[in-house]
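The values are calculated or read from the model by the stated rules, or taken from the named source; none is laboratory data. Please read these numbers as outputs of a predicted model, since none were measured by experiment. Here the Cβ positions follow ideal geometry from the backbone for every residue, glycine too, while neighbour counts run over all protein chains shown. The accessibility values were calculated without ligands, DNA or RNA, using every heavy atom of the protein model including side chains. Shrake-Rupley method; radii C 1.70, N 1.55, O 1.52, S 1.80 Å.
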Amino acid sequence: MKRRRFLQLSAVGGTIATIGLSPTPSRANSTTTETNFELTIAPANAEMIDGTMVYTLQYFHGFDNPSPEMRVREGKQITVTVTNNDSQPHGFIIRGVAGSYIHTMQPGQTGTTTFTAPNGGTYLYLDHYKGQLNRLMGLHGAFIVEPEGDGKTPAGSETPYSVADHNPQLQALFDAFGNHPRFPGDRWRAGDLRREKLWIFSQVDPTLNERVAAGELVDPASIPDNFLPRYFTINGLSGFDTANHHLEDGNAAHDGRAGRIMPSGKQGEPCLLRCINAGLATHACHIHGNHCFELARSDYKFRTEISSNIYEHDTWELLPLQRAELLLPFERPPDIPLDRWPPVEEPFPLRYVMHCHFELSQTAGGGNYPQGAVTHWQMTDPL
Amino acid sequence: MFDWEDTAFGEEITYSTFGCDVFKADPQTPDRLEPDVHIYREGAEKLDRIAPDGRRIRFWTFRDTDPAAPNQRVTHPAPEIRVTQGQIVHTHLTTSTGPHTIHHHGIEPTTANDGVGHVSFEVGDGYTYQWQPARAGSFFYHCHRNTALHFELGMWGPLIVEAPDQGDGKKRLYEDGPTYDSEMTWVAHAVDPRWHLIQDHDAGLCGLDVGLNRYEPKYFMLSGVWGNRAHYDPTTLIKAQVGERVLIRLLNASYTILRVKFTCPIEIVAADGHSWGRETWCPTTRRVPANTVLELVTAQRYDIIVEPTKTGHFPVFMQFRHWITNKVHDNGKGQLKAKVRVT
Ligand SMILES: [Cu+2]
Ligand SMILES: [Cu+2]
């Protein structure tokens, strides 16, 4: 079987950019928060995992950063400016964030909004104009809020949540890392991209994209009954592309777009999973190797609910537009025989997949298992 | 040196080893220990069953090939695996038709013993998976090759890890956990007959569009019982007495959003094989009043205690909903009724 061609990031027909697997420059692992975001809306051709080109719409940050992750600090004044370079009207809103709404922008127009960054958490920004249509075309991304003071518990453990939202159960869990017989090793670390990954799930039905590309005015109400996705993505990538392979040294694991998806670390280095479903299909996120702690999830009004009874799941539901945050403990995979830990004949890293268990989502173009909504995490070393 | 030829440990992972040319090998079990218990499974065995409307449906399954209990018949779903917490378990997989794997879902062993081909290997002729369950609870096992197809066609079965005996004659879901007098495993699953006409184990793997992104089930089943019989078939009917404690191990093994409504009060005591109400971060179980709707996506499990306080028939309604439209499948017919009969 032929590997799909790699395309360079290049302008097509003068206006349409192509999103391929152009190497994203590696970056430092510490997070950076900003207060001012300037985005443009433009069409872009995206290459699916099997080589199929699909017309999409993207929010760009600069020329070559589609669907940028916006990261801010709780309580700061945030300004978002959006310029619509598409031929259709578009909007902007961050679900669950007051004041983030930008009214519909006609082609060529610019809109702006200023608001106060809410409490720590993971949010979804999208184009709400014409319901779900433009979100499915690609106009969506993550808005991440870091809590003030790294959300420290009274015992000093950093958390991804503002202190005002804490409860004793959440604090007990974050305090347990590094302090509990089950969790030897390190605590969770705020502000470190090696300790938090982002998984925005979405789906692509190319027939819908073709209709939009042809200039058809699609009635959003007609979409769900006809939506038959052929590609299933995490942060716009599928299958093989969602993980970094052939790693020579540990740090490269976190580089690029795949590095934003694939958790990698040693035993005892817990990692936060920020999960968002930007698509129309419900997902059943299933992880191997460790169960995950479900910390928070958004409700039907897009409010974040921090759990006061934190369950351990190997499979969790993610409804359309829903966000959920889980903690992957990076504990010794518990069902490896105790007398054979750490394994000797079997090499590190131990690799464990995460995939949606609605297995339809593991396909690409009607087959090609497992080139869909799958990635894996790796434990590089025992304690 | 351990021989990792033709596995993801010994070879380069590429686009084509991910799916189309996935690693196929029969290595020795690494870091092998003497087992406490042996489980034998062979797959894929084929089994034709006649649906209530007379249609013949071909299922794929695993057969129990335990040499100490020869000539076991082929069943669908695959036979239960039942072991005890702390045992060293060896699951011996042999393949009769092409490569397969066993993934013990919710069990967390090493990568080589996890049964996912693209990060380890698929099994050519035979392999022994080694694991030592650390927790008692409700799990399942399934083939993880071309999973979309192999799982739907029936290559799965329940996997129960029992708690060690605490010497007081009581059965417990897990150590120091809730007691029960009897138990029932309810697995909801569905059949899209179009999928069951596919005979090629590798359908779609190398790029062919075989429509595995489209799922339109027409038959809805509970633990291998056709939906229309689920409320009285002895396999799925729960018979209890007032004051008795029944443990229900509930799993959604369908590619649908499963809604379940008990018409009696229940208590959820665990999910995905992990207990509730025992840790400071998870201090309580969940008592659910009668007629509350639970929702389970594919592979989610709940362990439920029912303790009837009065006699009667308590139906349990299950609905299979579409993962995109959220409509009940098969134009509203995607439903079944199970039952708790209290005497
Ligand atoms: Cu899996
Ligand atoms: Cu599974």
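Details
- Ratio of Rg to Rh for chain A: 0.96 [Cα atoms; Kirkwood radius as inverse mean 1/r over pairs].
- Relative contact order of the range B:183-342, defined on C-alpha pairs under 8 angstrom at six or more residues apart (%): 29
- Full-extension gain in nm, A:THR112 to A:LYS301, via 0.36 nm per residue minus C-alpha separation: 65.7 nm
- log10 of Debye I(q)/I(0), alpha-carbon scatterers only, for the range B:194-343 at 0.10, 0.16 Å⁻¹: -0.43, -0.94
- Paramagnetic reach from A:LYS266 (point 7 Å along Cα→Cβ, amide N under 16 Å) across the range A:166-210: A:178-179, A:183-189, A:194-195
- Under-5 Å amide H pairs with A:ILE200, H placed in peptide plane, nonlocal only: A:ASN235, A:ILE276
- The translational diffusion coefficient of the protein assembly as shown, from Stokes-Einstein at 4 °C and 1.567 mPa s with a Kirkwood hydrodynamic radius over alpha carbon pairs, comes to 49 µm²/s.
- Unmatched cysteines, the protein assembly as shown - criterion: no other Cβ of a Cys under 4.7 angstrom: A:CYS271, A:CYS275, A:CYS285, A:CYS292, A:CYS356, B:CYS143, B:CYS264, B:CYS282
- For chain B, relative contact order (Cα pairs under 8 Å, six or more residues apart, normalised by length) works out to 14 percent.
- Most mobile listed residue (B:LEU250, B:LEU258, B:LEU237) in chain B, GNM with C-alpha springs under 10 Å: B:LEU237
- ³J(HN,Hα), Karplus 6.51/-1.76/1.60, whole Hz, each residue of the range B:234-243, x for Gly, Pro: x, 5, 10, 6, 9, 10, 9, 10, 3, x
- The range B:159-222, relative contact order [Cα under 8 Å, separation at least 6], %: 29
- Between B:ASN291, B:ASN331, B:ASN228, the GNM of chain B built on Cα springs shorter than 10 angstrom shows B:ASN331 fluctuating the most.
- Table column - 3J(HN,Hα) (Hz), the range B:294-305, Karplus curve with 6.51, -1.76, 1.60, x for Gly and Pro: 9, 10, 10, 8, 3, 5, 6, 10, 10, 9, 10, 9
- Normalised size of the range A:36-146, defined as Cα radius of gyration per 2.2 N^0.38 Å with N residues, equals 1.04.
- Overall form of the range B:4-162 per C-alpha gyration tensor (a/c, 1.5; a/b vs b/c): oblate
- Computed from phi, the 3J(HN,Hα) profile of the range B:102-108 under the Karplus parametrisation 6.51, -1.76, 1.60 (θ = phi - 60°) reads 10, 9, 8, 5, x, 8, 10 Hz, with x in place of Gly and Pro.
- Database remark: amide H of A:LEU57 closer than 5 angstrom to the amide H of A:ALA44, A:GLY138, A:LEU139 (H placed geometrically; neighbours at sequence offset of 5 or more, or on other chains; Pro and chain starts carry no H).
- Under a 5 Å amide H cut-off, with hydrogens placed 1.01 Å from N, B:VAL116 pairs with B:PHE121 among residues at least 5 apart or on other chains.
- For the protein assembly as shown, calculated [θ]222 nm from helices alone, where every DSSP H run of n ≥ 4 adds -39500 (n - 2.57): -1500 deg cm²/dmol
- Dimensionless Rg ratio for chain B, taking C-alpha atoms and the 2.2 N^0.38 Å reference: 1.01
- A:HIS166 accessible area, assembled protein chains, probe 1.4 Å, Å²: 30
- Euclidean distance of C-alpha centroids, the range A:121-194 and the range B:55-117, integer Å: 38
- Qualifying trypsin sites (Lys or Arg not before Pro) in the range A:254-307, where qualification requires a DSSP coil assignment and no more than 12 other C-beta atoms within 10 Å, comprise A:LYS301, A:ARG303.
- Result for chain B in a Gaussian network model with C-alpha springs under 10 Å: among B:GLN241, B:GLN72, B:GLN130, the largest mean-square fluctuation is at B:GLN72.
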